[in-house]
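Below: the structure, in structure tokens.
The values are calculated or read from the model by the stated rules, or taken from the named source; none is laboratory data. What you see is a predicted model; the values in this text were computed from it and never measured. We place every Cβ from the backbone using ideal geometry, glycine too, and count neighbours over all the protein chains shown. These accessible areas exclude ligands, DNA and RNA; they are computed on the full protein's heavy atoms, side chains included. Shrake-Rupley method; radii C 1.70, N 1.55, O 1.52, S 1.80 Å.
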Amino acid sequence: MLSFFMQNHSEVSRQVAAHLLNIEAIRLRPEQPFQWSSGWKSPIYCDNRLSLSYPEVRTYIKKALADAIRDKFPAAEIIAGVATAGIAQGALVADLLDLPYAYVRPEPKKHGMGNQIEGRILPGQKVVVIEDLISTGGSSLKVVDVLRDMGANVLGMVAIFTYGFHLADENFKQKNVELVCLSDYQCMIIEALKLDYISEDQLTTLAQWREDPGSWGV
């Protein structure tokens, strides 16, 4: 029998994609590519932090993330946000679930107490990590390493959106981390076409980028 989250996942995915497109948290520019910090050229730019400025969207995403955790990771004892974009999302979800909360930096502070984990996570605690966006998964999985190194039991990670790169799939598989995403690139493209954000002619370009983002536009 399919779980509640899986029964509703296709509609959640569609709604999240539509929300992100409507508030321009996701922007598509196949003809004028963005450049990522990695150096990759990209026809898409995603900034899910914009959802925090829209109460209706913020609430929908918060509830969807919480539903995913209740369904996929019901044993969760604490929520951990990935700094920086996952901090606010994680706090909202932890509050809704009435669970303790902490967040994890990519590296320790260079002053004060030198903390890398802000908040209190105890060895053995069952943690679900909240991330806003998955690209290759590298920075997100560093947080998992930090938590495991201090003895936490990481049940999995829940994110708002993923580009669906094969590299990310492999990285999560190698680290043995279950990843649950509310929406993904393929669903977003379908929704963008329905909402007239893109044309049929642009579909091939957008598909080519996702298959080989490192070489696209070079």
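So here's what we get for this one:
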read-out	value
Residue order for 166, 19 - accessible surface, 1.4 angstrom probe, largest first	166, 19
Accessible area per residue, Å², the range 130-190 with all protein chains present, probe 1.4 Å	39
Cα-only radius of gyration and Dmax that characterise the range 176-215, units Å	12.5, 39
Choice from 95, 47, 201 with maximal GNM fluctuation in the chain (Cα, 10 Å cutoff)	201
Most to least packed among 185-191, 149-155 [average Cβ atoms within 10 Å]	185-191, 149-155
Full-extension gain in nm, residue 70 to residue 122, via 0.36 nm per residue minus C-alpha separation	16.6 nm
Angle in degrees between helix 55-72 and the longest Cα principal axis of the chain, rounded to the nearest 10	60
Whole-number D in µm²/s for the range 33-180 (Stokes-Einstein; Kirkwood sum over Cα pairs; 4 °C, 1.567 mPa s)	83
Separation of alpha-carbon centers, the range 52-124 and the range 1-49, rounded to whole Å	20
In nm, spacing of pseudo-spin labels at residue 53 and residue 211 (7 Å Cα→C-beta vector)	3.6
Degrees separating the helix 138-149 axis from the principal Cα axis of the chain, which is the longest one	10
Stretchable slack from residue 193 to residue 109, in nm (0.36 nm times residue separation minus alpha-carbon distance)	25.9 nm
Between helix 4-22 and the chain: long-axis angle, C-alpha atoms, 0 to 90°, nearest 10	60
Accessible surface of the chain [probe 1.4 Å, protein heavy atoms]: carbon and sulfur percent	49
